[in-house]
Structure formats: C-alpha cells, structure tokens
Amino acid sequence: MRLSLKNPMIFFDLETTGINIVTDRIVQIAYHKVYPNGKEESKSYLINPEMPIPPEATAIHKITNEAVADCPTFKSVVNEIVKDFEGCDLAGYNSNRFDIPLLAEEFLRAGVDIDLSRRKFVDVQVIFHKKEQRTLSAAYKYYCDKDLEGAHDAKVDTLATYEILQSQLDRYPDLINDVEFLSKFTTQNNNVDFAGKFIYNDKGEEIFNFGKYKGQKVTDVLKTDTGYFGWMLSGEFSLHTKKVLTNIKLRNFNK
C-alpha cells in the first residue's frame with residue numbers, strides 16, 4: 001500500500017560503534033526519503049566515528065576501522081543530512097528507542113540544534129511486535145515473503161523497513177494509512193527527552209523518571225535542590241537530556 005503522506009517521510013537506519021547513546025557514534029547512516037507525490041530517493045554515508053569500532057560491533061555490521069579511516073566525520077556531512085531531514089517525519093525499525101536518540105546526540109555534538117520533537121515518528125518494529133513478535137529479518141520474510149540478504153547494512157535495513165510498513169498497512173485493516181495515527185500507535189512512552197530521564201505525568205508536567213527524585217516535578221526539584229541542575233549538566237547524561245533540563249530551567253526562570 002502506498003503511504004498517505006502530508007509531509008515527506010524519511011526511513012533511516014544507523015550502524016554504530018555500540019548501543020550507548022551518550023558515548024557511541026555513528027559509522028553508517030542510510031535513509032530513504034519518500035515524498036507525498038510518490039517520489040523516492042536514497043542516500044547512504046559511511047562515517048568516521050573518530051573513535052575505534054569495537055570488534056563486537058564490527059562482527060554485527062561488518063564495518064571495520066580501516067573501512068571508515070578515510071571517510072567523512074558526521075560533522076562534515078551534517079549540513080547535508082539536516083537539509084534532507086528538514087520538515088520530514090521519521091520512520092525506522094526500533095528507531096524510537098535507539099536510532100532517533102542517537103541521531104539527536106550526533107546532531108548536538110556537531111553543533112546543530114534541530115528540533116526533532118516537532119516531527120512525527122513511526123517505529124515499524126512496534127507495529128510488528130504488537131502484531132506478531134519477531135525480528136527484522138523475520139518481519140521481512142513474514143510481510144514481504146523475502147529473505148533479508150545483507151542484514152545489518154544500513155541501506156538494506158532501511159529499504160526493508162520501508163517495504164515492511166507498506167505491507168503492514170495492506171495486512172492490518174485497523175492500521176490507518178496516516179502518519180499521525182501510526183506515530184501515536186508506535187509511541188510506547190511519554191518521554192520528555194529521548195533518553196527518558198524525564199517523563200510527563202497525567203497533568204502534562206515534567207517529572208523525574210530516575211534517581212532519588214523519581215516521580216517529583218522537575219521545576220520543584222530545581223527550586224529546592226539548586227545543585228542538582230549542575231550535577232546533571234556535568235554528569236554522563238545525553239546532550240539532549242541536558243538541553244531539555246536547561247530549557248525547563250530557563251522557562252521557569254523567565255516566569
């Protein structure tokens with residue numbers, strides 16, 4: 001089923017040095033852009049992560065230190081990527097939990113403050129897990145009746161994810177071909193920041209989701225424990241988490 005789009009949608013996938021969104025880096029990014037008029041285009045970059053790729057990561061995606069030694073850094077290609085992503089909704093496989101938070105970190109590390117929170121996110125894995133409980137390769141076989149040759153190559157995974165979503169829309173009558181519906185259907189949390197250190201309570205207020213202040217309003221803690229803000233900014237939290245905390249503090253200060 002052809003996707004019904006109001007905005008362009010980018011299906012993307014990352015291969016990385018690991019799974020820690022704070023310390024790990026992108027080694028490959030691939031994306032497939034689908035326009036409302038049906039036009040499609042793809043891009044892929046191998047990225048020098050400016051850190052060693054652990055052997056256990058290479059064992060999964062087959063990208064070696066030698067393969068990326070002469071490749072551009074993320075910062076050197078970020079402007080082109082941002083230009084392509086601007087105004088687009090985003091889709092991926094397990095993207096809400098991993099790819100989007102890590103991409104947001106890389107943007108911020110490169111000095112680019114792109115507001116991804118304004119975009120709609122569709123996580124194809126969530127649809128699959130809610131309906132069938134499988135892996136990406138099994139999902140591709142199940143929905144598209146094809147074997148996924150070259151899994152864990154970002155280009156292969158990106159296009160497979162796009163095909164799977166179209167097949168899911170064909171298979172499940174209760175899935176509405178609308179990005180806003182799919183975004184809500186695949187969102188499994190009420191996070192304020194991508195890492196989930198802050199969440200919204202039932203009143204729409206930001207509260208801590210970890211540590212000694214878990215469940216307490218962020219604005220209240222910033223008033224009563226003035227050193228907690230500095231502790232978080234100097235701690236090993238994601239750049240996006242620190243940005244969100246700073247915005248809450250500034251918003252409260254301006255009041």
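Quick check on the stretch 64-97: of everything there that is in a helix (DSSP H, G or I) and of a type in the set (D, E, K, R), which residue is surrounded by the most Cβ atoms within 10 Å (Cβ to Cβ)?
97
Anything in the stretch 187-210 that is farther than 19 Å from residue 123 by Cα, among the charged types (D, E, K, R) and surrounded by 15 or more Cβ atoms within 10 Å (Cβ to Cβ)? List them, or say none.
197, 206
Within the stretch 44-76, which residues are among the charged types (D, E, K, R) and either in contact with a Phe, Trp or Tyr (Cβ under 6 Å, 6 or more places away or on another chain) or more than 27 Å from residue 163 (Cα to Cα) (or both)?
Going residue by residue through the stretch 44-76, those that are among the charged types (D, E, K, R) are 50, 56, 62, 66, 70, 75.
Within the stretch 44-76, 50, 56, 66, 70, 75 qualify.
What number goes with the only condition from (1) outside any helix (DSSP H, G or I); (2) touching a residue at least 60 places away in the same chain (Cβ under 8 Å); (3) charged (D, E, K, R) that residue 43 does not pass?
(2)
Could you tell me which residue of the stretch 129-138 is modelled with the highest pLDDT, considering only residues that are over 17 Å from residue 12 (Cβ atoms) and assigned to a helix (DSSP H, G or I)?
Taking the stretch 129-138 as the starting set, the residues that turn out to be over 17 Å from residue 12 (Cβ atoms) are 129-135, 137-138.
Next, from what is left, pick out any that are assigned to a helix (DSSP H, G or I): 129-131, 137-138.
Values: 129: 87, 130: 86, 131: 85, 137: 91, 138: 88.
Result: 137.
Could you list, in sequence order, all residues of the stretch 98-136 that are crowded, with 18+ Cβ neighbours inside 10 Å, within 12 Å of the chain's Cα centre (by Cα) and not aliphatic (A, V, I, L, M)?
98, 99, 101, 105, 106, 107, 119, 120, 121, 123
Could you look through the stretch 137-164, keep only residues that are within 14 Å of residue 91 (Cβ to Cβ) and charged (D, E, K, R), and pick out the one that is surrounded by the most Cβ atoms within 10 Å (Cβ to Cβ)?
Restricting to residues being within 14 Å of residue 91 (Cβ to Cβ) and charged (D, E, K, R), the top hit is 157.
Is there a residue in the stretch 197-213 that is of a type in the set (Val, Ile, Thr) and either touching a residue at least 60 places away in the same chain (Cβ under 8 Å) or part of a helix (DSSP H, G or I) (or both)? Quick ask: steps written out before the conclusion?
Going through the stretch 197-213, the residues of a type in the set (Val, Ile, Thr) turn out to be 199, 207.
Still in the running and either touching a residue at least 60 places away in the same chain (Cβ under 8 Å) or part of a helix (DSSP H, G or I) (or both): none.
Within the stretch 197-213 (the criterion being of a type in the set (Val, Ile, Thr) and either touching a residue at least 60 places away in the same chain (Cβ under 8 Å) or part of a helix (DSSP H, G or I) (or both)), the answer is no, since none of the residues qualifies.
Is it true that some residue in the stretch 174-186 is touching a helix residue (DSSP H, G or I) at 6+ places or on another chain (Cβ under 6 Å) and either surrounded by fewer than 12 Cβ atoms within 10 Å (Cβ to Cβ) or among the hydrophobic types (A, V, I, L, M, F, W, C) (or both)?
Let us first name the residues in the stretch 174-186 that are touching a helix residue (DSSP H, G or I) at 6+ places or on another chain (Cβ under 6 Å), namely 175, 177, 186.
In the following step, the residues that additionally are either surrounded by fewer than 12 Cβ atoms within 10 Å (Cβ to Cβ) or among the hydrophobic types (A, V, I, L, M, F, W, C) (or both) were identified as 175.
Yes, the stretch 174-186 contains at least one residue that is touching a helix residue (DSSP H, G or I) at 6+ places or on another chain (Cβ under 6 Å) and either surrounded by fewer than 12 Cβ atoms within 10 Å (Cβ to Cβ) or among the hydrophobic types (A, V, I, L, M, F, W, C) (or both).
The values are calculated or read from the model by the stated rules, or taken from the named source; none is laboratory data. All values reported here derive from a predicted model rather than from experimental measurement. FYI the Cβ positions are ideal-geometry reconstructions off the backbone, even for glycines, and counts take in every protein chain you see.
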